[in-house]
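> Mind having a look at this structure? Questions to follow.
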Amino acid sequence: MKGTYLGEFEELVLLTVAMRYDDAYGLGITDEIEQKTGRKITLSSVHKTLKRLEEKGFITSRMGGATENRGGRQKRLFTITAYGKKALQQTYELRSSMYHSIPKIVWNL
Amino acid sequence: MKEYTPPLLAQKFLRWYCHPDLYQEIEGDLYELYIRRRKKMSVLKANSLYWLNVITFCQPWAWRKPKQFKSFLITSDMFKNYLVSSVRSFLKQKSYFIANLLGISVAVYCLLLTIVYFQKETRVDDFHTNAQHLYRLNKKIISAGQASESAESSGAMGPYLKENFPEVQDITRVAPWWEPTVLSWEDSDLKVNEWVFVDANFFEIFSFEVLKGNPSEALRAPGQVVLTQSVANALFGVEDPLGKSIKGLHEFDYVVSAVVADPKETHLQFQCLVAWETTVPNSGFYSYNFMNNWLGQTVYTYVKLFPETNPELLKPKFTSMLEENLPKRAEEYFPYLQPFSEIYLHSSHIPYQRGLKLGSSLFLNTFGLVSLFILLIAVINYINVNTANVLPRAKEVGLRKIFGAYKKQLIVQFIIEALFLAALSFAIAYLLLFYTTPYTANFFNAPLEMNQFLKLETLLIAVGIWLMIGLMAGLYPAWLLARFQPIEAIKNLKSKGKSSQQRNALVTFQIFISTLMVLGTWIVFSQTDYMREKQLGYDSEQVVILNINNGIDTQWEGFRNKIKAHNGVQNVSVCQATIGAGGWYGTTVKVKGIEKDIDVRLFRIDAQFAKTYGLSVKEGRFFNEQMASDSNAVVVNEAFLKEVGWSLEEIRKGKHIGGEGRAKANLIGVVKDFHYEPIHQQILPVVMLLNTSRRTNVNIRVETAQISEVLDHLQQVWNDAPTRYPFEFTFANDAFEESYGKEEQLSDTLGIFAFISLIISGIGLFGLTSFTINQRTKEIGIRKVLGASTQQVILLISKRYLILGALAIVLALPIIGWTAKEWLQQFPYRIEGYEWMMTVTAIATIFLILLAVSFQSLKAALVNPIKSLKDE
């Protein structure tokens with residue numbers, strides 16, 4: 001597991017990048033997370049996290065086309081890398097295995 | 001789709017801090033978000049949220065790397081590099097760097113002093129809210145073909161103006177009393193020098209702060225007196241002064257009606273303000289007609305005009321006023337209104353202004369000009385050293401150019417270098433100020449305080465000067481170097497020509513200024529010295545004057561006899577007049593055969609007067625109390641003879657003055673002219689007469705060896721005498737000392753500044769020659785190899801500077817000659833023939849240039865040519 005540690009927020013962002021395949025950019029991701037979680041999150045924290053994820057190699061990016069509703073600015077579009085997918089998978093497996101190890105009795109309490 | 005633009009400043013801020021790689025995406029996202037918000041909410045809210053976003057993004061991860069910060073023209077990396085190369089080039093020539101640094105520091109120091117002093121002086125009287133509409137009633141006097149100025153007017157003029165001139169809104173009169181007086185309350189006595197009679201509306205016209213009492217009622221009734229806070233504190237301590245009765249001028253009782261803050265930044269000085277009514281005949285306890293009639297000219301009248309009135313238009317009306325009320329003087333007096341705000345700085349042409357504090361615009365301007373000169377000299381040094389030293393830097397510049405530096409960048413680099421030096425100079429100057437401000441009182445009447453230098457306003461000016469120095473010092477060398485072709489610079493080709501011409505001009509200018517300053521100082525100094533040393537026409541060394549117009553005068557005879565008892569006392573004259581402490585008065589006399597009355601100074605004296613002061617009798621004799629006829633006789637001075645045109649022969653035959661309806665008096669003698677006023681004043685006709693009814697002064701001639709014993713003796717006699725006045729005396733020869741203060745201040749300041757400028761330009765010249773010689777070592781070597789003698793080499797190098805020096809002197813002499821003539825014009829007794837000083841200064845300047853240059857050139861000429869030629 002070493003080296004692939006994902007924080008909770010990082011995981012959320014990474015999941016969203018994977019979810020919005022080919023249309024994952026800062027504001028879009030922010031909207032998505034806000035919608036799904038109902039939490040209020042700041043745009044800058046998403047950008048910051050994206051930057052970190054890219055540095056860690058979980059995602060890559062390319063500059064997308066400029067659109068008028070962005071004042072002619074290009075988007076940076078993120079895609080999940082194989083390493084990222086592996087990390088997601090590992091996290092998922094870890095969680096589900098731990099989840100299934102919870103004794104039945106706990107649920108009945 | 002509607003155009004929405006996020007706040008521009010926020011965008012700029014984002015663009016400034018944001019890492020270029022991240023910028024596009026972040027701004028894009030923010031824009032999208034902004035558009036979305038604009039559709040939902042108000043502009044203000046959307047804008048503030050945009051700002052909030054921009055600010056939340058401002059975190060280290062989104063910042064540019066330091067290197068990527070771009071400022072005006074240069075990047076921070078380059079900036080650092082410029083500083084490093086500045087420091088290196090400074091270190092390469094440590095001694096020149098230090099000389100330049102100190103030069104500019106001293107110049108900045110002088111300039112800062114000037115600025116603060118200027119601020120201080122130009123703000124005097126600014127606090128009076130009426131200042132804009134206030135004027136003082138001055139007059140020009142044209143009498144016997146001579147013009148003079150006076151700030152005094154008749155006591156009757158003010159009220160007349162208020163009544164008859166529709167332009168005049170209000171007037172107020174101010175009359176400082178001539179002599180000090182003593183205030184007494186219960187056991188405490190206090191001597192005050194500034195006892196001033198003022199009109200009841202004084203506090204309406206002027207904005208002095210009344211601390212206690214009702215200002216509008218404080219000066220109405222006779223005998224009301226307003227004290228300044230420091231006087232009130234000294235006299236009453238913790239007691240409330242209001243309503244207390246104190247003893248004051250002429251032993252009368254006065255009632256304290258108010259307390260006012262001490263006057264500070266104003267030309268009006270006072271310790272006690274006394275209700276004008278006190279002086280009005282039949283109303284106050286004095287019947288001072290001379291302060292309330294048309295003839296007496298002893299009062300300052302301040303006039304408040306209605307807004308938008310042109311004071312010039314009143315001039316003809318003044319003439320008709322005089323014709324109506326004072327026809328005797330209507331052809332001599334030309335009253336005019338001087339703007340109130342000009343009184344403090346622009347009144348030095350008016351000779352006699354009793355009891356006012358005045359500044360001098362001449363001193364202020366000289367001071368300002370001179371410190372600018374010093375700054376110029378120091379900056380020129382910097383420029384000269386930098387342009388003379390162009391070659392080593394040229395290599396650096398060449399390299400920079402080859403690696404793609406823009407011309408603009410190079411210029412910025414050299415300006416930054418100059419700014420760096422200037423910044424260091426400011427630090428040193430402020431440090432100097434910090435240690436020296438307590439001593440500035442010697443030059444300025446009051447010490448300047450450090451916090452005046454740290455005021456925002458002064459600091460802003462300082463920043464302005466800093467930039468100015470940076471530009472002045474940096475721009476020319478920068479331009480010169482940036483112009484270089486890199487290939488020339490690298491190849492070490494000498495492309496001097498033009499720059500050395502400019503340097504010649506700058507050196508000439510430096511020598512020019514230094515010559516001006518040295519010569520100017522010398523002339524001011526010798527005039528001051530002349531005035532102080534001039535023979536006054538009497539022997540004042542050992543005369544002590546006591547004023548006894550304070551109760552002792554009624555018992556003067558016993559007082560005199562007690563004084564005489566000491567064997568150190570050689571002579572005592574008890575009368576009204578003194579020389580050095582006033583006591584004489586201006587009046588007019590009639591002389592047979594001359595139509596116009598003659599203005600004279602009237603000395604009421606006793607027979608001992610001439611002996612006590614050592615006046616020398618030129619013709620005839622002095623008074624003799626034994627001769628009854630002498631009570632009807634006069635003695636005059638030489639100036640009187642000149643005025644009426646009598647020769648000594650005519651006098652021997654017998655002359656008299658007066659007659660034709662006035663008292664007639666025989667002329668029994670003529671004394672040599674003597675200075676009864678400071679040497680600034682012309683000696684006017686003097687008439688002396690024997691008058692024993694008014695004895696207000698004791699003039700005592702003392703043997704020099706016993707002076708301190710006699711003073712002790714005098715003190716004892718005084719203490720036994722019936723007076724509440726403290727023992728005080730004046731030495732006749734000290735009396736005029738303080739009147740030379742203005743000239744002394746000027747000569748002291750000029751002296752120091754001239755010295756500084758000499759040193760700075762000397763250092764500059766020294767540095768410049770050593771640079772030029774460095775560049776010419778090979779040339780000198782070759783010349784020597786080919787047989788040039790040491791003298792020829794020295795001449796070769798010195799010639800240029802000598803020519804420049806001569807040129808500077810030729811330019812400076814006419815200017816200083818003209819200025820000195822103008823300045824000396826104001827003194828009736830002045831130094832003559834300062835041409836020799838010019839010659840001496842010229843020779844000394846040439847000599848100093850030789851000194852600065854020859855040391856270096858001798859060094860160069862003595863070097864073995866092998867040394868200078870061996871390496872190539």
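> How about segment B:640-662: which of its residues are open to solvent by 40 Å² or more (accessible area, probe 1.4 Å) and in contact with a strand residue (DSSP E or B) (Cβ under 9 Å, 6 or more places away or on another chain)?
B:Glu643, B:Leu648, B:Arg652, B:Gly654, B:Lys655, B:His656, B:Arg662
> Limited to segment B:367-399, what total is found for residues that are part of a helix (DSSP H, G or I), more than 14 Å from B:Ser105 (Cα to Cα) and either of a type in the set (Ser, Thr, Tyr) or modelled with pLDDT under 80 (or both)?
14
> B:Phe753 is checked against (1) touching a residue at least 24 places away in the same chain (Cβ under 8 Å); (2) over 23 Å from the mean Cα position of the chain (by Cα) and fails just one. What number does that condition carry?
(2)
> Sticking with this one: Suppose we filter B:Asn719, B:Asn733 for residues that are loosely packed, with under 14 Cβ neighbours inside 10 Å and not in a strand (DSSP E or B); which single one remains?
Values: B:Asn733 fails: loosely packed, with under 14 Cβ neighbours inside 10 Å.
One residue alone meets the criteria, B:Asn719.
> Taking segment B:560-577 as the region of interest, how many residues are more than 18 Å from B:Ala721 (Cα to Cα) and without any contact (Cβ under 8 Å) to a residue 40 or more places away in the chain?
Number satisfying all stated conditions: 0.
> How many of the residues making up segment B:221-251 are assigned to a loop (DSSP other than H, G, I, E, B) and surrounded by 15 or more Cβ atoms within 10 Å (Cβ to Cβ)?
Within segment B:221-251, residues that are assigned to a loop (DSSP other than H, G, I, E, B) and surrounded by 15 or more Cβ atoms within 10 Å (Cβ to Cβ) number 7.
> Residues that are small (Gly, Ala, Ser): which strands (runs of 3 or more DSSP E) entirely in segment B:648-712 hold 2 or more of them?
Result: B:656-659, B:662-671.
> Quick check on segment B:128-157: of everything there that is under 32 Å from the mean Cα position of the chain (by Cα) and assigned to a helix (DSSP H, G or I), which residue is surrounded by the most Cβ atoms within 10 Å (Cβ to Cβ)? Lay out the reasoning, then the answer.
Filtering segment B:128-157 for residues under 32 Å from the mean Cα position of the chain (by Cα) gives B:128-143, B:145-155.
With assigned to a helix (DSSP H, G or I) added as a condition, the list becomes B:131-133.
Numbers: B:Ala131: 15, B:Gln132: 12, B:His133: 19.
By that ranking, first place goes to B:His133.
> Quick one: which of A:Glu55, A:Glu68, A:Glu93 is at the interface with chain B (Cβ under 9 Å from one of its Cβ atoms) and either modelled with pLDDT under 85 or exposed (fewer than 13 other Cβ atoms within 10 Å of the Cβ) (or both)?
The unique qualifying residue is A:Glu68.
> Something else: Can you tell me which of (1) touching a residue at least 12 places away in the same chain (Cβ under 8 Å); (2) part of a loop (DSSP other than H, G, I, E, B); (3) within 14 Å of chain B (Cβ to nearest Cβ) is the one A:Thr30 doesn't meet?
For A:Thr30, the failing item is (2).
> Please find, among B:Tyr4, B:Tyr34, the residue that is within 11 Å of chain A (Cβ to nearest Cβ), in contact (Cβ under 8 Å) with a residue 12 or more places away in the chain, open to solvent by less than 100 Å² (accessible area, probe 1.4 Å) and in a loop (DSSP other than H, G, I, E, B). It would help to see each step written out before you state the result.
Working: B:Tyr34 fails: in a loop (DSSP other than H, G, I, E, B).
Selected residue: B:Tyr4, the only one of B:Tyr4, B:Tyr34 that is within 11 Å of chain A (Cβ to nearest Cβ), in contact (Cβ under 8 Å) with a residue 12 or more places away in the chain, open to solvent by less than 100 Å² (accessible area, probe 1.4 Å) and in a loop (DSSP other than H, G, I, E, B).
> Let me ask something else. Pick out the one residue from B:Asn47, B:Asn53 that is open to solvent by less than 60 Å² (accessible area, probe 1.4 Å) and more than 10 Å from every other protein chain (Cβ to nearest Cβ).
The conditions single out B:Asn47.
> On the basis of being within 28 Å of B:Arg37 (Cβ to Cβ), in a helix (DSSP H, G or I) and within 9 Å of chain B (Cβ to nearest Cβ), does A:Ser44 make the cut?
It is true that A:Ser44 is within 28 Å of B:Arg37 (Cβ to Cβ), in a helix (DSSP H, G or I) and within 9 Å of chain B (Cβ to nearest Cβ).
> Follow-up question, since we're still on this one. Is it the case that B:Thr266 is surrounded by 14 or more Cβ atoms within 10 Å (Cβ to Cβ) and modelled with pLDDT of 85 or more?
Answer is yes for this residue.
The values are calculated or read from the model by the stated rules, or taken from the named source; none is laboratory data. Since this is a predicted model, take the numbers as computed values, not measurements. Methodologically, a virtual Cβ is constructed for each residue, glycine included, from the backbone with ideal geometry; neighbour enumeration extends over all protein chains shown. Heads up: the accessible areas ignore ligands, DNA and RNA and are worked out on the full protein's heavy atoms, side chains in. Shrake-Rupley method; radii C 1.70, N 1.55, O 1.52, S 1.80 Å.
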